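Any read-out appearing in this document is the output of simple, stated calculations on the displayed coordinates, not a laboratory observation. Given the structure is predicted, the values throughout are model-derived calculations rather than measurements. Note that each Cβ is placed from the backbone with ideal geometry, even for glycine, and that neighbours are counted across all protein chains shown.
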Amino acid sequence: MSRPTRGRDPIRVYDARWEAEEFSREEVARLVEATLIYGRLLGVDTVTICRDARFGCAPLMELAADIALGSGFDVVLCLDPVSTPQSYFVTYHVSQTCPRTMGLTFTASHNPAGYVGLKVVVPPVQAIGMDCGPLGGFRKIREIYHGGDTLARVRRARLRVRSLAREYVDFSLRTAGLTDGCLEGIPVVFDFFSGAAAPEMMDALQRAGASVVPLRLVPDGSFPGGSPNPASAGKMEAAVTAAREAGGSVVVGTDGDGDRLVFGDENGIFSAGIAAIPILAQVISERKDPGPAQVLFDPKVSPPALAEWTRLGVTPSLFRNGHSQIKERMRCMEAIAAVEESGHFYHRLAGGGPPIFVENSLVTILLFLRSARERPSLLRELRKLQDRVFTTGEFNFQLQDDRSRDAAMSEVLRGFRDDGADIVSRTADGVDLEGFHVSRGVDSRTGVLQDGWYQAYLRVATNEKAVIRSYVSAADPGIGQGWEQRIRHTLSALGGRQID
């Protein structure tokens, strides 16, 4: 296997991700080899391999299976495209009989169709990232990638081809406390964005009895509607319009690999912090542990949403963005859940073995719909709360290069600083927020909000080049929109262009 270009690799903060033509087949093969060498250091003997629906992932899946089998790892291969949450379940299921199992999932999540990537979990279904996971996670893989270690080719190990979609749906329904037919009559408008999660989600919702109006149902790795990110501004307009025409429907949207969700009604999309209220209420109602109900939240969750969480008996805990990092923090704290405003909901799940800390989008959706069935007024209540908070949704600008991006970020922050806003980059206990949390009129210690409060979070994208991600929330729409326009104007004036 040829050596990779010195100093160049596809590894990012949360996973490995790259444009399909950016790295050669030999370089991708080296990434897989380095990942398997890392697994061998951890005692891994079995590898599950899954993929989403994007076209670039299928050949990579076959490449990985060939390398793993030829290096003596038993392989469990899921041929059909599946969601990332289902891929975690596959690894969890296989781990019940093969506890030294590593999971490889080829996906680029919500990125445009031209991207591919690799997510990795290690025993016991623990997501890794940069400096996150055993031996430093992806940092160790990067070290191996650029080093001289190789895998010896041995007699091919055992290959098993499995489909665990039915088991995943069964597990999710059971975890959400639902049975077949129990959501009879609940109307749902669901935009699948042509992603891999549609088959499993439709199966679960139909079994539960929900009446679903599907949009962009058929998985299509070219993503004809553009980047499959329901959390981007304006992406859910078709679903909201369909709900308005139907009247009284729950609106749901998911991304290309099914680990990002948004919820809403005929009037628009709820912020994730507000959508989490009925989900957390269900989790709390089923909880038997008398200890603190810790729930992590990212810097974009609005203060009014956190106040509602507290009323449920939740102890909110601020943490940075980052899927693998959040799940590791949950594991350390024994947190019951976590929420990111980007549309990621995380759960502490148990099914007979040690608990795992992962996304399970089916469980998230089913808990929300269960609340809607039990409280017919739920959507009205959430809408009333949502209307008290203006939120922009995440909007993204790509600059010409990293230097231009950093200069643009400084200019945006200068505007907030001139307005007297507080700007922090770390939590109270020193955790790097990997971005800038901006607030004015918000007392983080007491939760008291002054008239005209606003909050923003700005960060550099880790998986896309020279991108700034921005998010604003405020009590007054005029204030929130004013800051949104100022950010957009500043970034555009400095050469930025808006992207999905």
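Details
- Which of LEU79, LEU69, LEU369 has the fewest Cβ neighbours within 10 Å, and the rest in rising order: LEU79, LEU69, LEU369
- With neighbour counts taken as other beta-carbon atoms within 10 Å, the residues HIS146, HIS347 rank, fewest first, as HIS146, HIS347.
- Environment charge of ALA239, counting only residues whose C-beta is closer than 14 Å and scoring Lys/Arg +1, Asp/Glu -1: -3
- Among ALA242, CYS182, ILE326 the positive-end extreme of the charge dipole of the chain (Cβ point charges): ILE326
- Among the listed pairs LYS119/LYS300; LYS140/LYS300; LYS119/LYS235; LYS119/LYS465, those whose Cα-Cα separation exceeds 29 Å are LYS140/LYS300.
- Exposure proxy order (Cβ contacts within 10 Å, fewest to most) of ASP45, ASP52, ASP419, ASP265: ASP419, ASP45, ASP265, ASP52
- Beta bridges per DSSP, both residues in segment 16-163: antiparallel share near 50 percent.
- Looking at the chain, the DSSP beta bridges with both ends there are about 65 percent antiparallel.
- Surface/4 estimate of mean projected area, convex hull on alpha-carbon atoms of the chain, nm²: 21.8
- Helical mean residue ellipticity (222 nm; -39500 (n - 2.57) per DSSP H run of 4+; nearest 500) of the chain: -11000 deg cm²/dmol
- Neighbourhood charge, 15 Å Cβ-Cβ cut-off, centred on ARG329 and excluding it, Lys, Arg +1 and Asp, Glu -1: -4
- Span from the segment 218-278 Cα centroid across to the segment 77-156 one, whole angstrom: 28
- Ordering GLY137, GLY343, ALA210 by Cα displacement along the dipole of the chain toward the positive end leaves GLY137 in first place; charges were set at the Cβ atoms of Lys, Arg (+1) and Asp, Glu (-1).
- Subtracting the Cα-Cα distance of ALA157 and ARG380 from 0.36 nm times their residue separation leaves 74.7 nm of extension gain.
- A Cβ-based charge dipole, computed about the Cα centre of segment 16-163 with Lys and Arg at +1 and Asp and Glu at -1, lands at about 440 debye.
- Placing +1 on each Lys and Arg Cβ and -1 on each Asp and Glu Cβ, with no other charges, gives the chain a dipole about its Cα centre of roughly 880 debye.
- Calculated FRET efficiency, GLU22 to GLN96, Cβ-Cβ distance, R0 = 35 Å: about 0.40 to the nearest 0.05.
- Kyte-Doolittle at least 1.0, axis length at least 18 Å by Cα - qualifying DSSP helices, the chain: 57-70, 272-286
- Given +1 at the Cβ of Lys and Arg, -1 at the Cβ of Asp and Glu and no other charges, the dipole of segment 388-500 around its Cα centre is 160 debye to the nearest 20.
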